[in-house]
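First comes the structure, then the notes that go with it.
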Amino acid sequence: MGQSLYMNGRCITGCDDIYSSYAHGTKGMAIAAAHNDFNGPSSTYKGQNATRKAMIWQSKDIHGEMDPYLNEWNDLIYRHPS
């Protein structure tokens, strides 16, 4: 009955310095951002394990578009139809 999204994080001294975004559903999972919440590639998987064998799709990194803030600005100012 509907969808749910749960977000959690940790800010504890001594923990691994990993910051990624994952989504889990009843049919599989996705990695929205692999490193620092904006670096790709993003990917989707059958089931709950992010293995190469379970991968359904993976995005391609576009050279020169690794900064999400600059991408947003470029899309807003330069690519938005008037």
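The values are calculated or read from the model by the stated rules, or taken from the named source; none is laboratory data. Everything numeric here is computed off the predicted structure, so don't read it as measured data. Only protein heavy atoms, including side chains, enter the accessible area calculation; ligands, DNA and RNA are left aside. Shrake-Rupley method; radii C 1.70, N 1.55, O 1.52, S 1.80 Å.
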Practice problem: Show Arg52, Arg10 ordered by accessible area, largest first, where the area counts protein heavy atoms only and the probe is 1.4 Å. | Solution: Arg52, Arg10
Quiz prompt | Residue-span extension gain [Ile56 to Asn71] - 0.36 nm each, minus C-alpha spacing | solution = 2.8 nm
Practice problem: Could you go through the range 60-71 in sequence order and give the Karplus-derived ³J(HN,Hα) for each residue, using 6.51 cos²θ - 1.76 cosθ + 1.60 with θ = phi - 60°, rounded to whole Hz, and x for Gly and Pro? | Solution: 10, 6, 9, 3, x, 10, 8, 9, x, 6, 5, 4
Exercise. Round to the nearest 10 and report in Å² the accessible area of Met66, as given by a 1.4 Å probe over the protein chains' heavy atoms.
Key: 80
Practice problem: Given the options Tyr22, Tyr69, Tyr45, state which has the largest fluctuation in a GNM of the chain using a 10 Å cut-off (strictly under) for Cα springs. | Solution: Tyr69
Practice problem: With the cut-off at 16 Å, report for the chain the share of all Cα pairs above it, as a whole percent. | Solution: 64
